[in-house]
Amino acid sequence: MTSTSEGPGAVRKALRVLEALADHGRVTELAAATGLPKSTVHRLLQVLVETGFAHSDDTGYRTGDRVLALAGKVLYRFDPAAQADPALVRLRDDTGCTVHFAMRFGGELLYVHKVEPDKPYRMGSRIGMHLPWHTSAIGKAVLAELPADAVRELIGAGELPARTANSLTTQRELHAQLEEVRAVGYALDDGENELGVRCTGAGVRDHSGALIGGVSVSTLALEHDMARLREFGTRVQAAAAEVSTALGHQSR
């Protein structure tokens, strides 16, 4: 792309310009966004155009077809569960609990990854298992971040089915709890989905900012009380943020 005398520095500059093209199209704007001189930006843009990574017209510059083709290849091989794994393992090691990652598929919420601690018992969850929206920590964490019409589409407007004696069954109860989730940033499940099992969950976003699922820690009620589950809340939030970052989300 440039003479070998410039080396890695030139590559870094070119990558800065390419990244800035996602939001800017004029040389002046790109120079301000990258901190590079306009002459350098212009020279790098010409190289990017020649190689298909940028396109120019009367309105300015934009990313080229080669970027889209490369992104398509990357996304085809992209495995969200694999990307999430390091953060989930750290959360398991930090809490000593079973950690789950669930994703939305249309109107359903499914487990896509599970990391278990070295304990004599195993949670009954499995990859591919469906999670109810209103009785699971991940489900409530996701619902809390959705607009009212999307929540209504997922859970309806009537009475909610109980899975245990602890389940929330009225819209009023659920929406009151969702307000609490918005306030603290994480959701709790106190034996509402499965008696004797408690969970703390937080939502996960992808590269587009879309809410695509969530992360949770699960434990036996005999092992951790609700005060401890609340203490896990900030750690679950941090892990969910790590997963979001691994999936390309950039918080602003």
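The values are calculated or read from the model by the stated rules, or taken from the named source; none is laboratory data. Just so we're clear, the structure is a prediction, and the values are computed from it rather than from any experiment. Ideal geometry is used to build each Cβ from the backbone, glycine not excepted, and the neighbour counts take in all protein chains shown. Note: accessible area is taken over every heavy atom of the protein model, side chains too, but ligands, DNA and RNA are not part of it. Shrake-Rupley method; radii C 1.70, N 1.55, O 1.52, S 1.80 Å.
Quick check for you: with a 1.4 Å probe and neighbouring chains kept, what is the accessible area per residue of the chain, in Å²?
Normalised by residue count, the accessible surface of the chain is 53 Å².
Angle check, please: helix 38-50 long axis (alpha carbons) against the longest principal axis of the chain (alpha carbons), in degrees 0 to 90, nearest 10.
80
Compute the distance in nm between two label points, each set 7 Å from the Cα along the Cα-to-Cβ direction, one at Ala227 and one at Ser208.
4.5
So, in Å, what gap is there between the alpha-carbon centers of the stretch 153-217 and the stretch 17-40?
43
Show me the trypsin sites (Lys or Arg not before Pro) within the stretch 110-150 that DSSP assigns to loop and that have at most 12 other Cβ atoms within 10 Å of their Cβ.
Of the trypsin sites (Lys or Arg not before Pro), the ones in loops of the stretch 110-150 whose Cβ has at most 12 other Cβ atoms within 10 Å are Arg122, Arg126.
Helix 65-77 versus the longest principal axis of the chain: what angle, 0 to 90°, nearest 10, using Cα atoms?
The two axes meet at around 30 degrees.
Given the rule -39500 (n - 2.57) for each run of at least 4 DSSP H residues, summed and divided by the residues of the chain, what is its mean residue ellipticity at 222 nm, to the nearest 500 deg cm²/dmol? Mind showing how you got there, number by number?
Values: 10 runs with 112 residues, N = 252.
Calculated from helices alone, the mean residue ellipticity at 222 nm is -13500 deg cm²/dmol.
Once you have a ≥ b ≥ c as the square roots of the Cα gyration tensor eigenvalues for the stretch 138-192, tell me rounded if a/c is under 1.5, and otherwise prolate or oblate according to whether a/b is larger than b/c.
Because a/c hits 1.5 or more and a/b fails to exceed b/c, the stretch 138-192 counts as oblate.
So, with +1 on the Cβ of K and R and -1 on the Cβ of D and E, and no other charges, what is the size of the charge dipole of the stretch 173-239 about its Cα centre, to the nearest 20 debye?
320
I'd like to know which of Ser218, Ser39, Ala202 lies farthest towards the positive end of the charge dipole of the chain, counting +1 on Cβ of Lys and Arg and -1 on Cβ of Asp and Glu.
Of the candidates, Ser39 comes out farthest on the positive side.
Given +1 on the Cβ of Lys and Arg, -1 on the Cβ of Asp and Glu, and no further charges, what dipole in debye does the chain carry about its Cα centre, rounded to the nearest 20?
Dipole about the Cα centre, nearest 20: 600 debye.
Protein chains only, probe 1.4 Å: how do Leu21, Leu154 rank by accessible area, largest first?
Details: Leu21 10, Leu154 40 Å².
Putting Leu21, Leu154 in descending order of accessible area: Leu154, Leu21.
Identify, among Ala84, Pro117, Ala22, the residue whose Cα sits farthest towards the positive end of the charge dipole of the chain, taking +1 on the Cβ of Lys and Arg and -1 on the Cβ of Asp and Glu, with the dipole about the Cα centre.
Positive-end residue among those listed: Ala22.
State whether the stretch 166-220 is rounded, prolate or oblate according to the following rule on the C-alpha gyration tensor (a ≥ b ≥ c being the square roots of its eigenvalues): a/c under 1.5 gives rounded; otherwise a/b larger than b/c gives prolate, and the remaining case gives oblate.
Verdict is oblate for the stretch 166-220.
Please sort by residue number the GluC sites (Glu not before Pro) in the stretch 135-172 whose DSSP state is loop and whose Cβ has at most 12 other Cβ atoms within 10 Å.
Passing both the DSSP loop test and the Cβ count: Glu159.
Using a 1.4 angstrom probe on heavy atoms only, work out the carbon and sulfur share of the accessible area of the chain in %.
Accessible surface attributable to carbon and sulfur in the chain totals 52 percent.
Compute, for Thr63, the solvent-accessible surface of its heavy atoms (probe 1.4 Å) with the complete set of protein chains present, and express it in square angstrom to the nearest 10.
Its accessible surface works out to 40 Å², give or take rounding.
Students often get this wrong: which residues of the stretch 137-163 have the backbone nitrogen under 18 Å from the point 7 angstrom along Cα-to-C-beta of Thr169?
In the stretch 137-163, the label zone of Thr169 (backbone N under 18 Å from the point 7 Å along Cα→Cβ) covers 156-163.
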